[in-house]
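Values in this text are rule-based calculations from the coordinates and carry no lab data. From a predicted model like this one, the values you see are computed outputs, not experimental measurements. For neighbour counting, all protein chains shown are included, and Cβ atoms are generated from backbone atoms with ideal geometry for every residue, glycine included.
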Amino acid sequence: MGKKGFVFDLDGVIVDTAKYHYLAWKKLAGELGFVFTEEQNELFKGVSRKRCLEILLEIGNIKANQEQFDKWMKEKNEDYLAYIEKMGKSEILPDVPRVLSFLKNRNVKIALGSASKNARTILEKVELLPYFDSIVDGNDVSKAKPDPQVFLIAAKNLHVDPMDCVVFEDAVAGIQAANNAKMVSIGIGDSDILNEAKYNFNDFTEIGDDFLESLL
Ligand code: B16
Ligand code: MG
């Protein structure tokens, strides 16, 4: 299929940082006097930090002024970063290094396309940074997924036509963003939820070298 650029989402695709986001949001909710459930945390996947806090405050029915809002954003991120600080290679999701190595050896370009402003730190911690030709994260975008902006910037940085790019994503909005960018979308996770993806796999152990080869 002549694909030349491969873009990976971070949380839910390369590492499971959702569990750390959850612990940090849960702590904040506790301080604000309400319970935040793991089920509610599902709503936060792929969503920007600012939007997550807005949703959290809606759940707790809490009104905040700008100063409180900024303080809570900062507090949540500091708690989250304390978990990230302890991350290592063992937290990379199964077979991600195999797929990255395979692609690297085939001389295609690799980018990260994540909503997280902590993406670079996380890739450094799990020692995957050298695989990436470009990192596009929450610091680079003004429009959230499903807007295609994050992936279009990645394609531009890789000097690859968006139509020659493939995206690995675990969030519905991310699959929609990839489709909106006219890229090949690959859903990592539940195929019933990610049913708008062109291809679906539960995780990278299901993505064989022959499938990758067929994309090149
Ligand atoms: P940060 P992804 C997303 O990562 C997470 O899924 C989402 O829960 C989080 O709020 C967002 O990053 C922002 O993260 O607070 O580190 O800037 O899936 O887009 O890689
Ligand atoms: Mg994700």
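Points worth noting:
- GNM result for the chain, Cα springs below 10 Å: residue of D137, D161, D170 fluctuating most strongly: D161
- Rounded if a/c under 1.5, otherwise prolate or oblate - region 18-84, Cα gyration tensor axes: rounded
- Selected from Q40, Q176, Q68 as most flexible by GNM, with the chain as the system and alpha-carbon contacts under 10 Å: Q68
- Scattering curve values for the chain, log₁₀ I(q)/I(0), Debye with Cα scatterers, q = 0.11 Å⁻¹: -0.52
- The three principal axes of the C-alpha atoms in region 7-129 carry coordinate ranges of 52, 24, 23 Å, sorted with the longest axis first.
- Shape of region 106-216, Cα gyration tensor, a/c cut at 1.5: rounded
- Over 32 Å between alpha carbons, listed pairs K50/K182; K74/K104; K3/K71; K71/K198; K63/K89; K3/K50: K74/K104; K3/K71; K71/K198; K63/K89; K3/K50
- Convex hull of region 140-192 built on C-alpha atoms - directionally averaged projected area, nm²: 3.3
- Normalising the average separation of contacting C-alpha pairs (under 8 angstrom, six or more residues apart) by the number of residues puts the relative contact order of region 18-84 at 46 percent.
- Relative contact order of the chain, taken over Cα pairs closer than 8 Å and 6 or more residues apart, is 26 percent.
- Only one residue of A144, L81, F132 has its Cα farthest out toward the positive end of the dipole of region 77-144, where Lys and Arg carry +1 and Asp and Glu -1 on Cβ, and that residue is F132.
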